[in-house]
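See below for the structure under consideration.
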Amino acid sequence: MKKTIVCAAIALFAAAASAQQYKWTDKDGKVRYGDVPPAGASAARLKAPNAGYPPPAAAPDSKKEEAKKKAPEKQAMTEEQMQMKRDNCARAQESLRTLESGQRISRIDAKGERYYLEDAEIAQETAKARQSVQHWCT
């Protein structure tokens with residue numbers, strides 16, 4: 001018995017919630033919408049929305065909420081970039097130490113043969129290494 005009353009009440013509320021909507025043009029030429037059209041107006045019945053679809057998601061209130069969602073990703077990216085910068089700094093410093101050590105510096109050419117850098121070439125490489133250290137280590 002109680003189930004029948006509850007079902008009847010739900011049916012009544014559902015019927016009230018899905019009241020028919022109308023669209024009409026008033027005497028001033030403005031389009032109006034409502035559940036009861038005025039007398040004498042030629043109103044068109046609007047199609048009721050499907051109950052099967054969920055309501056549209058609310059748009060984010062502000063850019064701050066979007067920024068909060070992206071903050072962990074940005075922080076992870078920043079940590080990854082910082083690690084890359086530390087690695088590049090270490091390589092640049094090692095290269096500079098090698099060039100400034102006074103030892104003979106050799107390279108391998110395209111044919112696979114070893115050749116030694118002359119003093120002018122070492123000076124150029126040292127200048128480039130100093131620039132790399134300044135760039136990556138500051």
(message) Let me spell it out: the conditions are (1) modelled with pLDDT of 80 or more; (2) more than 30 Å from residue 118 (Cα to Cα); (3) surrounded by 10 or more Cβ atoms within 10 Å (Cβ to Cβ), and residue 68 meets all of them except one. Which number is the exception?
(response) (1)
(request) Please state which one of 107, 97 is assigned to a strand (DSSP E or B), surrounded by fewer than 12 Cβ atoms within 10 Å (Cβ to Cβ) and under 48 Å from the mean Cα position of the chain (by Cα). (result) 107
(message) Filter the stretch 115-138 down to the residues that are of a type in the set (S, T, N, Q) and touching a helix residue (DSSP H, G or I) at 6+ places or on another chain (Cβ under 8 Å) and list them by number.
(response) 126, 132
(request) Would you check which residues across the stretch 20-35 are in a strand (DSSP E or B) and of a type in the set (D, E, K, R) and list them? (result) 23, 32
(message) For the condition of a type in the set (Asp, Glu) and in contact with a strand residue (DSSP E or B) (Cβ under 8 Å, 6 or more places away or on another chain), what is the one hit in 119, 109?
(response) 109
(message) Going by what's in this entry, would residue 104 be described as within 11 Å of residue 133 (Cα to Cα) and assigned by TED's automatic domain parsing to the domain that holds residue 127?
(response) no
(request) Could you tell me which residue of the stretch 110-129 is surrounded by the fewest Cβ atoms within 10 Å (Cβ to Cβ), considering only residues that are of a type in the set (Asp, Glu) and assigned to a helix (DSSP H, G or I)? (result) 119
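The values are calculated or read from the model by the stated rules, or taken from the named source; none is laboratory data. For clarity, every value in this text was computed on a predicted model and none was experimentally measured. Glycine also receives a Cβ, built like all others from the backbone with ideal geometry; neighbour counts cover every protein chain displayed.
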